[in-house]
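Here is the structure we will look at, set down as structure tokens.
The values are calculated or read from the model by the stated rules, or taken from the named source; none is laboratory data. Note that the coordinates shown come from a computational prediction; the quantities given were computed from them, not determined experimentally. Cβ placement follows ideal geometry from the backbone for every residue including glycine, while neighbour counts extend to all protein chains displayed.
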Amino acid sequence: MTQEKVELNVRTAVRDRYSKIAETFKVGTPADCCSDVATSCCGDSEADARDEVVHLAAIKKFYNEADADTLPEEVTGLSLGCGDPVTLAALTPGQTVLDLGSGGGIDCFLAGQRVGPEGHVIGVDMTPAMLEKARANKAKIGADNVEFRLGEIEHLPVPDASIDVIISNCVINLSTDKPQVFREMYRAMRSGGKLAVSDMVTEGTLPDGLKDSLNAWAGCVSGALDVEEYISGIKQAGFVDVQIVPVYLDRDQVDDAVRQLGGEIQLGGLSKEAVYKSVFSAKITAHKPA
């Protein structure tokens with residue numbers, strides 16, 4: 001199979017999963033990137049029973065509770081991230097912000113609050129069903145300074161040097177061409193602009209079997225780069241002042257993310273204990289030279 005075919009298959013699998021999440025989402029039933037509405041990866045009764053508890057704990061862990069409370073459950077219930085890039089970005093009024101993989105819009109709406117009516121927020125997502133949810137949420141909230149565009153993060157639908165701050169929340173790891181994503185971010189950003197990303201990375205390389213699992217790609221695990229390779233890719237795109245702060249995940253979150261692997265693929269001798277230590281969320285910041 002050619003690399004182009006592999007990339008197409010991965011992109012299709014990711015789009016299909018997040019489409020199903022958006023299409024089946026109901027208020028009162030939090031979405032999950034490893035939920036059984038999308039695949040069977042979290043299909044046992046014990047996991048189903050704790051879905052809401054795990055989801056609410058993640059919201060409280062990653063986001064300022066006061067910020068999250070300003071948004072309706074139609075927004076917070078579709079939060080599928082692994083951090084809070086909005087707070088990391090330290091946004092100021094009047095800035096133009098781009099969110100890569102905006103989903104239901106939680107980070108766009110929080111960013112919109114920070115940049116105010118003089119600012120502007122653009123969310124880009126490749127999943128039409130998610131965009132439909134996000135636009136409905138925009139209308140419900142009345143977020144006039146936020147818009148959503150259909151597009152892939154490898155080919156951002158924005159002009160050169162038009163963005164002050166780029167944020168992303170557990171999305172870049174899903175791309176099969178991360179260097180192209182980094183180059184696109186650099187192209188879109190104005191001189192002196194800031195990058196603020198929450199993403200999954202690894203300490204070391206995961207087994208090929210895990211990387212080859214399309215379900216695992218969409219579940220935000222096997223697409224993760226080694227942290228050193230991630231940093232190197234950002235620097236090679238031209239960014240400077242690259243900084244990373246690890247945020248180690250709760251074991252329940254890791255269990256949910258890798259649950260689908262049971263009997264499906266081999267981990268190449270990697271124990272679950274090793275997975276706990278090798279996969280983590282990272283707060284990543286960088287700047288485009290002024």
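Data table
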| read-out | value |
| --- | --- |
| Filter result for ASP241 (modelled with pLDDT of 70 or more, surrounded by fewer than 22 Cβ atoms within 10 Å (Cβ to Cβ), assigned to a strand (DSSP E or B) and more than 16 Å from the chain's Cα centre (by Cα)) | yes |
| The lone exception for SER168 - which of (1) touching a Leu at 6+ places or on another chain (Cβ under 8 Å); (2) farther than 30 Å from VAL227 by Cβ it fails | (2) |
